[in-house]
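Below you'll find the structure, written out as structure tokens, and then a few comments.
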Ligand SMILES: Nc1ncnc2c1ncn2[C@@H]1O[C@H](COP(=O)(O)OP(=O)(O)OP(=O)(O)O)[C@@H](O)[C@H]1O
Ligand SMILES: [Mg+2]
């Protein structure tokens, strides 16, 4: 472990955050302008929401504050004093911490080690390690977290790992916490806890800058909101005067409707396309269900209840130890992704980085990937036709910011999600399984993806939806199965209430 003591942040008054202001911030990548003349200031102890469509520049602004990227123009000032930020250490020494969605923790180390990483005071003496333990205890008290300092971070659920990031920031003296979509990966209980902690930190003087696509959540939490559109600052105003609709209007620059579309009924006599028979893996136990042509089946349940794992088992990505899957009455051997795709199963996985996208390749290639073999002739892709098809799909999901040949890693998070979904539209499979299909997409794009799911079903695809947003599962599905501890424990039709579904998910 590197033993390096960071200087105590000198500009940060204990207990009180500085006023943070940015002026004329600009950022370009090649010929595209991502941020332009962004000017705003945030008061000490304020909770400030940054809103905007996918690709509006929210993450870019936060990364500039956190020193992860350097602005081309403009200044950042703390209490009126300009600070130079060219690397994360500049931000940290000025009391600014960025908590990205991809947490920057070392999975093999303990909670305590991660929290004090790089500023470990333990030089071997018992006294110092006691000091760290005491500091850790103070941080727990400050936040209300309950974390075992010896737990290995890699084994923690995502919500607790995020708490470790927060403690790490506070241990470094952070007075301004920048959080990029922190609730997107959390379950309901973890979300509630995070919001509570944010309020607590703010009331003791920490400034929190929050990016989120959940409008109600933002409005219920923040003091003021800033809206960015196409890299420009639109407004900074009190949250109190706003509604979700008024914010969306500012974000997209026009009025939009965002209701889940009407779901056409499954045609009488529609045949069963997908059948899971006693599917069993380490995470799912004897799971059996069917989906008919044109039907949308929702899998509800708590995080860890086996919903995603049921999909992975059916897709051949998680090893099944018993049971099998049938497509159109034909049993597939299982345990092979290649075979599953060939048999007509598609999966939009939960994690776009680890399971879904080839980050170093362009969006167009990622979208064409599942169907490449269909449109290649003797190894030669019919480039012209593929280009046209991919361009059409790109438009239909409103994927923005993709530049020719540029890696998909350069797209904003929400636009990556649209590409992940678009992969299966070029040549829809018989069964499409979607896991958190709208994670990180803005509210307009969410409505668009909902519409595309309904349309896919209407054209005959059997769809299986997993989502932590209960409204999404209930709103989109003809039928809902609730999972608990790896098993299906209840079935509802689409008239089920949120409470009914929640109750069966929680029951012991
Ligand atoms: N390294 C890069 N190279 C080129 N363009 C980039 C790069 N990083 C970001 N961009 C572009 O900058 C724009 C703003 O991206 P940013 O990630 O800030 O958006 P965002 O508001 O956070 O969106 P989302 O809600 O989808 O997360 C996007 O059009 C994106 O494609
Ligand atoms: Mg972003």
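222 nm [θ] for the chain, helices only, -39500 (n - 2.57) per DSSP H run of 4+, per residue, to 500? Could you put the intermediate results ahead of the total?
Working: 16 runs with 161 residues, N = 508.
The helix contribution divided over the chain gives -9500 deg cm²/dmol.
Order 459-465, 57-63, 323-329, 133-139 from most to least packed using the mean count of other Cβ atoms within 10 Å.
Values: 459-465: 22.3, 57-63: 24.6, 323-329: 17.3, 133-139: 14.0.
For the peptides 459-465, 57-63, 323-329, 133-139, the packing ranking is 57-63, 459-465, 323-329, 133-139.
Relative contact order, whole percent, for the chain stands at 15, derived from Cα pairs under 8 Å and 6 or more residues apart. The C-alpha atoms of the chain define a longest principal axis, and helix 126-143 lies at about 60 degrees to it.
Taking the inverse of the mean reciprocal distance over all distinct Cα pairs, the Kirkwood hydrodynamic radius of segment 10-112 comes to 14.8 Å.
For the peptides 291-303, 36-48, what is the packing order when you average, over each peptide's residues, the other Cβ atoms within 10 Å and list the highest mean first?
On the way: 291-303: 23.5, 36-48: 18.7.
Per-residue mean Cβ counts within 10 Å order the peptides as 291-303, 36-48.
Computed from the Cα positions only, the extents of segment 382-508 along the three principal axes stand at 54, 29, 25 Å, in decreasing order.
Using mean Cβ contacts within 10 Å as the protection proxy, how do 69-77, 175-183, 233-241 order, highest first? It would help to have the intermediate numbers written out before the result.
Details: 69-77: 16.6, 175-183: 24.9, 233-241: 14.1.
Ranked from most to least packed, the peptides come out as 175-183, 69-77, 233-241.
Its Cα gyration tensor gives segment 174-277 an equivalent ellipsoid; the semi-axes, largest first and in whole Å, are 35, 22, 12. Taking the C-alpha atoms only, the angle from helix 188-203 to the longest principal axis of the chain is near 20 degrees. Between residue 339 and residue 282, the simple spin-label model (points 7 angstrom out along Cα→Cβ) gives 2.1 nm. Calculated on the Cα set of segment 20-252, radius of gyration then Dmax: 17.9, 59 Å. Convex hull volume of the Cα atoms of segment 440-508, normalised per residue: 102 Å³.
Taking all Cα-Cα distances within segment 216-298, those exceeding 17 Å account for 68%.
Kirkwood Rh, the chain, all Cα pairs: how many Å? Could the numbers behind the result be given before it?
Values: mean 1/r = 0.0409 Å⁻¹.
Radius from the Kirkwood sum: 24.4 Å.
In whole percents, the pair-distance distribution calculated for segment 392-452 from its alpha-carbon pairs, binned every 10 Å from zero, is 22, 57, 21, 1.
Quick check: the angle from helix 443-458's long axis to the longest principal axis of the chain, C-alpha only, nearest 10 degrees? With both axes taken from Cα atoms, the answer is about 10 degrees.
Take every pair of alpha-carbon atoms less than 8 Å apart whose residues are at least six positions apart; their mean separation over the length of segment 170-248 yields a relative contact order of 27 percent.
Size check on segment 253-324: the Cα extents along the three principal axes, sorted descending, read 51, 36, 18 Å.
Would you mind calculating the relative contact order of segment 20-252 from Cα pairs under 8 angstrom and at least 6 residues apart, reporting the percent as a whole number? Mind showing how you got there, number by number?
Working: 436 pairs, mean separation 67.6, N = 233.
Relative CO of segment 20-252 lands at 29 percent.
Here, each number is a calculation from the coordinates, and none is a lab measurement. Since we're looking at a predicted model, the values are computed, not measured. We place every Cβ from the backbone using ideal geometry, glycine too, and count neighbours over all the protein chains shown.
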